[in-house]
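The values are calculated or read from the model by the stated rules, or taken from the named source; none is laboratory data. Owing to the predicted nature of the structure, the values given are computational and were not obtained by experimental measurement. Neighbour counts run over all protein chains shown; Cβ positions are idealised from the backbone, glycine included.
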Amino acid sequence: MSINLTLLIVMGALYACGIYLILERSLTRVLLGLMLLANATNLLILATGGYAGLAPLYSKDIAAQDYNDPLPQALILTSIVISFAVTAFMLGIIYRTWVLARQDEIQDDIEDRRVAETPSFDAEDDAEIPAETSEFPVATVMAGGREMSAESAAAEEKPGSKNVAPGPEGGGK
């Protein structure tokens, strides 16, 4: 199988231009980039199919290597349908952004910038030994102006606890 060099150069140029356009901020350019990538992929599938041969209709007189492989043609047809659907979807998105905002460029919002500026290392999540960073101490707690153990504080929360002095809110006067 011999490969057509002109077809490969055109395919490479389409891929390069398509990737360049996808990296732009304008939705229209992204759409054009997607269309160029779809056409370059169609050329890639066409190049893998080899040279044109006879129609794949069986005859005893024709050798097997003389037939054309129908699979690349079916894949190209499928690729055309998928690229048409993606183009229609992108046109809908472009139309909606134009109607709502009257602009074609995608802007960064504040949250995107904040996420981009945060460091990738988190001391709590990435440490080998997790450190206790709870705001609530485990051993002792301050309750009612006095320091007590966590077990005593938990006992006060149970119904019928004798640790609470009755007051205006405790049921007695």
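Scan segment 86-105 and give yes if some residue there is over 15 Å from THR28 (Cα atoms) and not aliphatic (A, V, I, L, M), otherwise no.
No.
Scan segment 45-60 and tell me whether some residue there is modelled with pLDDT of 90 or more, in a helix (DSSP H, G or I) and surrounded by fewer than 16 Cβ atoms within 10 Å (Cβ to Cβ).
No: segment 45-60 contains no residue that is modelled with pLDDT of 90 or more, in a helix (DSSP H, G or I) and surrounded by fewer than 16 Cβ atoms within 10 Å (Cβ to Cβ).
Say whether the condition of being of a type outside the set (A, V, I, L, M, F, W, C), more than 30 Å from GLY12 (Cβ to Cβ) and exposed (fewer than 13 other Cβ atoms within 10 Å of the Cβ) is met by at least one residue in segment 83-93.
Yes, that holds for at least one residue.
Of GLY33, GLY12, GLY49, which residue is within 22 Å of the chain's Cα centre (by Cα), of a type in the set (Gly, Ala, Ser) and at negative phi?
GLY33
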